[in-house]
Amino acid sequence: MSKIFAVAGVVIRELYRRKDFYVLFILTVLITLLMASVHFFHDDRIVRFVKEMCLILIWLSALVIAVTTAARQIPMERENRTIFPLLAKPIARWQVLLGKYLGCWLASGAALVVFYVFFAAVSASREHSLPLASYFQALWLHWQMLGIVIALTILGSVALSPAANVTIVFIISLGILFMGKYLNMVAQRMTGPSGTLLSALYFAIPHLEFFDVRILIIHGWTTPIPWADVLLATIYGFAYSAFFLAAACLVFRRKALN
Amino acid sequence: MNAVLRIENLRVEYRSRELKQQTKVAVNGLTLSVQTGEVFGFLGPNGAGKTTTMNVLLGYVNATSGAAFLFDVNTREPIARQRIGYLPELTYYYKFLTVEELLRFYARIFEIPKSETETRIDQLLKLVELEHARKRPIRTYSKGMQQRAGLAQALINNPDLLLLDEPTSGLDPLGRMKVREIIQRLKNEGKTVFFSSHELGEVETICDRVAILHQGELKVEGRVSDLVKEHQCNLEQIFLKVVGYQSQLS
Amino acid sequence: MRRARLALLLLLVICFTLAVCLQPRLAARDAAGQDSENTLALLLGDGRQMMADRLLGKADAYFHSGKYPSIFEQNAAPEENHMAAAASGHEDHDEDHDEHEALPPAHDWIEAFGRHFIPTKHVHLEGGNEREMLPWLRLSIELDPKEIQTYLTTAYFLGDRLGKWDEAEQLLREGLKANPNSPNLLNALAHAEFESRHDLARARNIWSIALHRWHDVEEPKPEKTETGEGQRNMFLLEEILGGLVKVELAAGHLDKALEYMKILKANAAHPEGVQRQIDALQAKINAGAGQTK
C-alpha cells in the first residue's frame, strides 16, 4: 500500500503545483460573486439562483480538474518517459495505476472541499443557515461520482490519447448525468433490437445522477438523505470504479512501454 | 560465486504496425551471466539488442521465449528489482519535483524506513554534489545536474546490482571521471555493475568482463584482458572485427 | 521586405474603405431592428424563444422547489405550468399533496433507488420565497420580450405575492413598450395601480383603455376554436370588467358599478354568480336611496 500512496502523493503534488485548480477556483469565485452582485427586481435576498450558478461552476470545474488530471497521468508518464525509472523499481504496473487513481481522486477531493467551503460561505451569507449534514452528503456523493469518472478516464488513458480520452469521458459523463435516468423510458417507446440495446445500456452504465443532489441543496431540502442510501450509493460508486480500474490494469499489463 | 544476473536463451520478437506486422527478432538466443562483484560491459552497435535486453531485465518488455533472472528471481516479478538500481541514458524524472522529493518518493517505493531515507538522501546528495539544489525543482537543473540526480536515484536503495545505460553519455570529462570513480567505489564495496556503453576506451579501463552483441546475437564474451590477448588488438578493434566492419582505407 | 510593407498598406486601405462603406448600412440596420438590441437575443436568434421557454420551465421548477418533470415525463403525462396557473388564478390542486405517493411505481430498481436523491414532495414556494423564481423569469423576459404571459406571471409574483408593486409596475410598463396596447398587460397594470397606490382614477383610466384594446384586439377573433388557440379571451374581458366594477365600488359610484356588472353578466362564463352580485348591489343602492328619502 505504501507504494500506491507514494505514487498518489506525486499526483497530488503535481496538481497543486499546476495552475489548473487555482485558475478554475478563482474563475468560480469571480463568476459567483458577479452573479451574487446582480439584483433582480431590487431584491438582494435571492439565494437559490446564486447557489445554482455556483454549484454548476463547481461541478464543471471539478469535472475538468478530475478528467484532465486523470487523462494525462499515464500518457504523460510515457511521453516524458518517467514511467521507465518508475517501473525499474519494485512496483507492479497495477500498483502504478492504483496510485494514479488514488492520487487523482484524493486531489479532486481536496479541490472539492475548497470549492464547497466557498459555496457554504456564499449560501450562509445569504441564507444565514448552514445545513452541514446535507452539504457534507452533497460533497461526499460528488466525490464518489468523481471517483467513477476518474476510474473511467484512467481506463481510457491506457488506450487512447489524452485529447480523445478527455472528449469521450466528458461526453459520456455529461450524457449520463443529463440522460441516464431516462434511457429506459425512451427504450420502452422503441421497438425491436434498438429498444433492447438501449435498455441494456441503461442497466450497464453507472448512474451518475444518484450522486447529483444539487437540487436538494439549492432548494433547501434540509432533511439529509438517509445515511443507508448514501452508503449504498458509495458502494455502488466503488463497485464501478473497481470495475473500470480492473479493466485498466488488464489492458496496461499487456501494453508495451517502448 | 553466484550469478546476480542470468539470461537464459533469451529471445525477443517485435511485431508492429510500423513493420507491417512482420516479426523483427531483436534478441536471438542470448545466454549470459554476471557474477557478484563484477563490472560487466554490455557492448554492441546501434540496433544490436542491448536496449531490448535491458528492457527485459527491467521488466518493461516480456521475453518471447527464454528468461532473465535477477538474484534468481524472474524479471517478470516486480520484486526482482528490489535490489537493483537503474540509471537510464536520458534523464526522465518528474520535473515538478525537487531532487529531495524524488529520492523520497523512490525510497518509499523501495519501502525504506523514513529515518534511513533521510540519512541516505543526505549522503547521496553530498556524493553527487547536489546539496545546494536540493529544494529546487528538477526542471531548473542543467543536463549534468539531471544526470547526477539520476545517479542519486539509482543508488537510493543501496543496490547490489547497478544497471547503467550509457552512464557517461553527454557528460563532460569531469563528469565522466566522477562516474568512473563512483563505479570503482561500488566495485570496491562488492557491488555488481552492469552497463552498456559506446565508450570502448572507458569500458576497457573499468570492466572486468564484456559481452558484444550484434544483430541480436552474442558474438563475444569474456574477460577484457583475455580477449585482448586472444585477438592481439585493443577492444575497439575486437569490436569492429566482431561486427564485420571493413575499413574503407584498407 | 518592401513588398510585404506595401501589401500591408494595401490591406489597411482596403479594410478602411470597407469599414467606411459598410458603417452606414449597419447603423441603419441597427436602428431598424429594435429586437437586435438585446445581446442575448442577437446571439441566440430564433433559438431564444426556445431558451426563454426553457427558462420559464426553470422558474416553474423553482416554484416547486426543484420537483419538476423532465421532457420525457412531460411527454408521458403533460402537466400544467402550475406557476402560470397560480398567477392566472387557475390553481386548484392540493398543495400538500405528497407526490411520492402520486408517483407511478418505479419501473426498475435504478429508478426506485434514484428517487432517494431527488425531491419527492409536491410543494409550492410561499411566504416570500417566491423571490427565488425571479431571476429565471427575468431572463426569460430578456430572451423573449414578446411573450406576454411571462410578464403577467412575473408581475403577479412581484406584486400580489411579494408586495413589490413598484417593480411590478415597472415591469408591466416595460412589457407594454415591447407589446404596445396589449389588453392583458394593461389589465395587469391597472390591477397594480389599484392594489398598490389605490389610485382609483389612474386604475379606472387604464382599465378603460384595456377594455377598448380588448375590443380592438380580441373581439375580431372567433369565439371558439378547436384547440383553444386564437380564440377570443373572454376571461380577460371578465377581469377587466371586474376591475372596473371594483374601482367604481371603491369610489362609491354604485350606479356605474352596476352598469359594468350588467355588461359583465352578459359576457360571463357563470352569469348566475354575477346576477347574485347584481342583486346584492341593487339592494344596496335601493337601501341607500330609501335612507336619503
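Rule-based calculations on the coordinates, nothing more; no lab input. Only a predicted model underlies this, so the values are computations on that prediction, with no experimental measurement involved. Here the Cβ positions follow ideal geometry from the backbone for every residue, glycine too, while neighbour counts run over all protein chains shown.
Rounded to two decimals, the Cα-based Rg/Rh of the protein assembly as shown, with Kirkwood Rh, is 1.18. Working note: 222 nm ellipticity from helices only, DSSP H runs with n ≥ 4, each -39,500 (n - 2.57), summed and divided by the residues of chain B, gives -10000 deg cm²/dmol to the nearest 500. Per residue, the average separation of C-alpha pairs within less than 8 Å and at least 6 apart gives chain B a relative contact order of 25 percent. Using the empirical formula 2.2 N^0.38 Å as the baseline, the Cα radius of gyration of segment B:54-209 reaches a ratio of 1.03.
Which part of segment A:63-103 falls in the paramagnetic zone of A:Ala247, meaning amide N under 11 Å from the point 7 Å along Cα-to-beta-carbon? The answer is none, because no backbone nitrogen lies closer than 11 Å to the label point.
When +1 charges are put on Lys and Arg Cβ atoms and -1 charges on Asp and Glu Cβ atoms, the dipole computed for segment A:116-258 relative to its Cα centre reaches about 400 debye. How many angstrom lie between the C-alpha centres of segment C:232-257 and segment B:61-78? Segment C:232-257 and segment B:61-78 have Cα centres spaced 98 Å from each other. Computed over segment A:50-197, the percent of Cα pairs more than 24 Å apart is 47. Average partner chain C-beta neighbours within 10 Å, per residue of A:210-221? Mean number of neighbouring Cβ atoms from other chains: 5. Scaled against 2.2 N^0.38 Å for its residue count N, the alpha carbon radius of gyration of chain A is 1.10. With 27 Å as the limit on Cα-Cα distance, the pairs of C:Lys224/C:Lys265; C:Lys146/C:Lys262; C:Lys67/C:Lys221 that go past it are C:Lys146/C:Lys262; C:Lys67/C:Lys221. Relative contact order, whole percent, for segment C:168-293 stands at 17, derived from Cα pairs under 8 Å and 6 or more residues apart. In segment B:45-102, Rg over Rh equals 1.05, where Rg is the alpha-carbon radius of gyration and Rh the Kirkwood radius from pairwise Cα distances.
Modelled spin labels at A:Leu132 and C:Phe16, positioned 7 Å past Cα toward Cβ, are 6.9 nm from each other. Does anything in segment C:233-249 have its amide N under 17 Å from the 7 Å Cα→Cβ label point of C:Gln277, and if so which residues? Taking a point 7 Å out along Cα→Cβ of C:Gln277, the residues of segment C:233-249 whose backbone N falls under 17 Å are C:234-249.
The count of lysine pairs in segment B:113-250 with alpha-carbon distances below 28 Å, taking only pairs 8 or more places apart or on different chains, stands at 23. Rounded to the nearest Hz, the phi-derived 3J(HN,Hα) couplings of segment A:212-218 under the Karplus curve 6.51 cos²θ - 1.76 cosθ + 1.60 (θ = phi - 60°) are 9, 10, 4, 4, 5, 6, 4, where x marks glycine and proline. For the protein assembly as shown, the share of DSSP beta bridges that are antiparallel, to the nearest 5, is 60%. Amide H contacts under 5 Å for B:Leu5: B:Val34, B:Phe71, restricted to partners 5 or more places along the chain or on a different chain, H placed in the peptide plane at 1.01 Å from N.
Output needed: percent of Cα pairs per 10 Å distance bin for segment C:126-177, bins running from 0 to the one holding the longest distance. Using 10 Å bins, I get a P(r) of 27, 60, 13, 0 for segment C:126-177. Return one number: the angle in degrees, 0 to 90 and rounded to the nearest 10, between the long axis of the Cα atoms of helix A:48-79 and the longest principal axis of the Cα atoms of chain A. Between the helix axis and the principal axis of chain A, the angle is about 10 degrees. Over the Cα atoms of segment A:176-258, the radius of gyration divided by the Kirkwood radius equals 1.12; this is the Rg/Rh ratio. Rounded to the nearest 10 degrees, the inclination of helix B:114-127 to the longest alpha-carbon principal axis of chain B is 70 degrees.
Here the Karplus curve 6.51 cos²θ - 1.76 cosθ + 1.60, taken at θ = phi - 60°, turns the phi angles of segment A:26-38 into couplings of 5, 4, 4, 4, 5, 5, 4, 5, 5, 4, 5, 7, 7 Hz, with x standing for Gly and Pro. Within a straight-line Cα-Cα reach of under 15 Å, C:Lys246 can be paired with the following aspartates and glutamates, leaving aside sequence neighbours fewer than 8 residues apart in one chain: C:Glu193, C:Glu195, C:Asp199, C:Glu238, C:Asp255, C:Glu259. Couplings 3J(HN,Hα) for segment A:132-137, derived from phi with the Karplus relation 6.51 cos²θ - 1.76 cosθ + 1.60 (θ = phi - 60°), are 4, 4, 5, 5, 4, 4 Hz, where x marks Gly and Pro.
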